[in-house]
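The values are calculated or read from the model by the stated rules, or taken from the named source; none is laboratory data. Since we're looking at a predicted model, the values are computed, not measured. Every residue, glycine among them, receives a Cβ derived from its backbone with ideal geometry; neighbour counts consider all protein chains shown. Areas reflect the complete protein model, heavy atoms only, side chains present, ligands, DNA and RNA absent. Shrake-Rupley method; radii C 1.70, N 1.55, O 1.52, S 1.80 Å.
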Amino acid sequence: AQSVTQLDSLPVFEEAPVELRCNYSSSVSVYLFWYVQYPNQGLQLLLKYLSGSTLVKGINGFEAEFNKSQTSFHLRKPSVHISDTAEYFCAVITQGGSEKLVFGKGTKLTVNP
Amino acid sequence: GAGVSQTPSNKVTEKGKYVELRCDPISGHTALYWYRQSLGQGPEFLIYFQGTGAADDSGLPNDRFFAVRPEGSVSTLKIQRTERGDSAVYLCASSSPGLAGALSSYNEQFFGPGTRLTVL
């Protein structure tokens, strides 16, 4: 079985850099994802790692780096805006296995002026 | 084009009642997924359909939960004898057919806005 660990919440100031941490546990190879959920909206895919370069660029200026030895997939943005305030979910899916996504509990990012 | 839609957006019911939640996937998407998101938690997988059949229902918590997709398009999640612990946002997602034999293949799941179920 897979599991994903994230911090509960992260307050930051506008224009500051941010890193949302994600660590996963799995006995088999996985694909990795970051989803964002804005208030009262559905989940939206930010970026994904399937293979190849371990640095993945996504939408809205976000990027993430896959580190297999540390089983991590941390999400970063060099300068955040008020509009980035949202809940961010890291998720994994087993390569070649079930199609079900396994999500972390999410990190509530609050960007303050 | 239209995304995944779910109805109703909100449902309030009393303990012990029966409820049905509907999901309309993106046109042409053969795979459909149900997840449940409890307060303060990430979404948890319930069931996955490929066409009309349930390919994986390992996430259904007990036999009060049932889902159907009779024509391979719209799906209904049915909950019998609702309990207060069933209160959550129920999310539906759909994805398009994959490329047979493709390396590193993953079919992106597109999520609907969810149905917020409250059991009083």
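Close Cβ contacts (under 8 Å, 6 or more residues apart or on different chains) running from residues in segment A:47-74 that are within 14 Å of another protein chain (Cβ to nearest Cβ) and charged (D, E, K, R) to residues that are crowded, with 18+ Cβ neighbours inside 10 Å and in a strand (DSSP E or B) comprise A:Lys48/A:Tyr31; A:Lys48/A:Leu32; A:Lys48/A:Phe33; A:Lys48/A:Trp34; A:Lys48/A:Val56. Residues in segment A:34-54 that are under 30 Å from A:Pro113 (Cβ atoms) and out of contact with any helix residue (DSSP H, G or I) (no Cβ under 9 Å at 6 or more places or on another chain) were compared, and the one that is surrounded by the fewest Cβ atoms within 10 Å (Cβ to Cβ) is A:Pro39. Just one of the numbered conditions (1) closer than 16 Å to B:Phe110 by Cα; (2) over 10 Å from the mean Cα position of the chain (by Cα); (3) open to solvent by less than 30 Å² (accessible area, probe 1.4 Å) is not true of A:Ile59: (3). Here A:Ser29 clears all of (1) touching a strand residue (DSSP E or B) at 6+ places or on another chain (Cβ under 8 Å); (2) in contact (Cβ under 8 Å) with a residue 60 or more places away in the chain; (3) open to solvent by 80 Å² or more (accessible area, probe 1.4 Å) except the condition numbered (3). Here is the figure for segment B:2-44: residues that are assigned to a loop (DSSP other than H, G, I, E, B), of a type outside the set (A, V, I, L, M, F, W, C) and either within 13 Å of chain A (Cβ to nearest Cβ) or under 14 Å from the mean Cα position of the chain (by Cα) (or both) total 11.
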